[in-house]
Amino acid sequence: MATAGKVIKCKAAVAWEPNKPLVMEEIEVAPPKAGEVRIKIVATGVCHTDLYHLFESMHKDGFPAVLGHEGAGIVESVGPGVTEFKTGDKVIPLFISQCRECRFCKSPKTNQCEKGWAAERYDVMSLEDSRFTCKGKKVLQFMGTSTFSEYTVVNQMAVAKIDPAAPLDKVCLLGCGVCTGYGAAVNTAKVEPGSTCAVFGLGAVGLAAVMGCKAAGAKRIIAVDINPEKYEKAKVFGATDFVNPKDHSKPISQVLSEMTDGGVDFSLECVGNVAVMRNALESCVKGWGVSVLVGWTDLYDIAARPLQLIAGRTWKGSLFGGFKSKDGVPQMVKGYLDKKVKLDEFITHNMTLAQVNDAIDLMKQGKCIRTVLSVSPQ
Ligand code: NAD
Ligand code: ZN
């Protein structure tokens, strides 16, 4: 490729500071170093975790950054020593790595690889690892990926090679939201056939959790959201009941307990709100109920009465749906191509990267499930 080994100048949406719109800028993307892959991003989703970094998180040192972590693209060039990827491969950059060598990768119990960039912090890569420069200033790579850019550089440990038949403007959703919710139900909660589940929050993550509960054979799936516009969509993914906490004066856990003769078998929190996390735990049946934290927040502590756990409930968390990233993503892509995993149904809006601020506003206002931005032509 003509660009291999050279700095690429391209367009990216830069978050210069918190709480401000992103700015379309020309950035410089350095060539990949040893073990790294430079990717032309074709399409990206906008996930709530991008909004969390921009508007909610307290890490004010995480700027300037290029956000976006739910993308798909094509390998432009590879750095020295890379044999697993070549120019033209279709890939999904991953916000958690899978080195296959560390003690966490060797254990079947977890996907928390310790070799990746995220070993130090979960939001941005270190400045030394970032390959982006804008106006003479180094720019951070959000969640190691930075898909709101025409080109990005990622370590090969955090790239999944996918089926060349996969449409990138759909499978980009497997870079975060859909794998996260689906896997939280299937891998982390380990939802059982015939069980009753409750999913709190019906964004793409929660809807994917509903889809996972259904795939695992749940017989009743109660979808909970304060935005009634989300209910029709939840039905498409397999929800059987809908509850709006705003319609009830009693605590939502009591409402669910009465609906289910003592509580649900599995509950998944897909909002990112510590009060909802507690509600989700308290909505589980004593004895065996399992509640999973999926929503993203690091601002406040969670609280619960110890007796909730003493009585036999289990409280767990799930990062990227518990999928070992390099193994799991190509399998989910295959699931989509085999029509076992839905993706098109999550996409409510299609826009271009230049419209990223409009996409962010839509999510803030609860008016979309996923907006897919086209970033570069294929
Ligand atoms: P989203 O904004 O599209 O959806 C959130 C939904 O929660 C909305 O439908 C909203 O109406 C609903 N909601 C808000 N308050 C509520 C309440 N009190 N009770 C019930 N519902 C409520 O977001 P998303 O992109 O689907 O992401 C969901 C969460 O998952 C976010 O916190 C995101 O950061 C997190 N996330 C976690 C991981 C992970 O690996 N654990 C990965 C991706 C995203
Ligand atoms: Zn995400």
Apply the a/c threshold of 1.5 to the C-alpha gyration tensor of the range 43-137 and tell me whether it is rounded, prolate or oblate.
oblate
Of every hundred units of 1.4 Å-probe accessible area on the chain, the number belonging to carbon and sulfur atoms, as a percent, is 52
For the range 78-126, listing trypsin sites (Lys or Arg not before Pro) in a DSSP loop whose Cβ sees at most 10 other Cβ atoms within 10 Å gives K109
Solvent exposure, largest accessible area first (probe 1.4 Å, DNA, RNA and ligands not counted), of V154, V236:
V236, V154
Residue span K33 to D261: 0.36 nm per residue of separation minus Cα-Cα distance leaves a gain in nm of 76.3 nm
Which value, in Å² and to the nearest 10, is the accessible area of W296 when all protein chains are kept and the probe is 1.4 Å?
80
Assign one of three labels to the chain, namely rounded, prolate or oblate, based on the Cα gyration tensor with a ≥ b ≥ c the square roots of its eigenvalues; rounded applies when a/c is under 1.5, prolate when it is not and a/b is larger than b/c, and oblate otherwise.
prolate
What FRET efficiency would be calculated for the residue pair V236, F55, taking the C-beta separation as r and a Förster radius of 35 Å, to the nearest 0.05?
0.75
Shape call for the range 1-76, from the Cα gyration tensor axes a ≥ b ≥ c (a/c under 1.5 means rounded, otherwise prolate when a/b beats b/c, else oblate), comes out prolate
Just the accessible area per residue of the chain, please: how many Å² with a 1.4 Å probe?
42
In sequence order, what are the phi-derived ³J(HN,Hα) couplings for the range 229-241 according to the Karplus relation 6.51 cos²θ - 1.76 cosθ + 1.60 with θ = phi - 60°, rounded to whole Hz, with x for glycine and proline?
5, 7, 5, 4, 5, 4, 4, 4, 8, x, 5, 9, 9
Given bins 5 angstrom wide, list per bin the percent of all Cα-Cα distances in the range 101-215, short to long.
2, 10, 14, 17, 19, 17, 12, 5, 3, 1, 0, 0
Computed lengthening from R100 to R305, 0.36 nm per intervening residue step minus Cα-Cα distance:
69.9 nm
Please give the calculated 222 nm ellipticity per residue for the chain, where each DSSP H segment of at least 4 residues contributes -39500 (n - 2.57) and the sum is spread over every residue; nearest 500 deg cm²/dmol?
-5500 deg cm²/dmol
With θ set to phi - 60° and the Karplus curve 6.51 cos²θ - 1.76 cosθ + 1.60, what are the ³J(HN,Hα) couplings of the range 318-333 in order, to the nearest whole Hz, using x for Gly and Pro?
9, 10, 6, x, x, 6, 5, 5, 5, 7, x, 5, x, 5, 5, 4
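The values are calculated or read from the model by the stated rules, or taken from the named source; none is laboratory data. Since the model is a prediction, treat every value here as computed from it, not as a measurement. When we count neighbours, we look across all protein chains shown, and the Cβ atoms used for this are built from the backbone with ideal geometry, even at glycine. Protein only, heavy atoms only, side chains kept; ligands, DNA and RNA dropped before computing areas. Shrake-Rupley method; radii C 1.70, N 1.55, O 1.52, S 1.80 Å.
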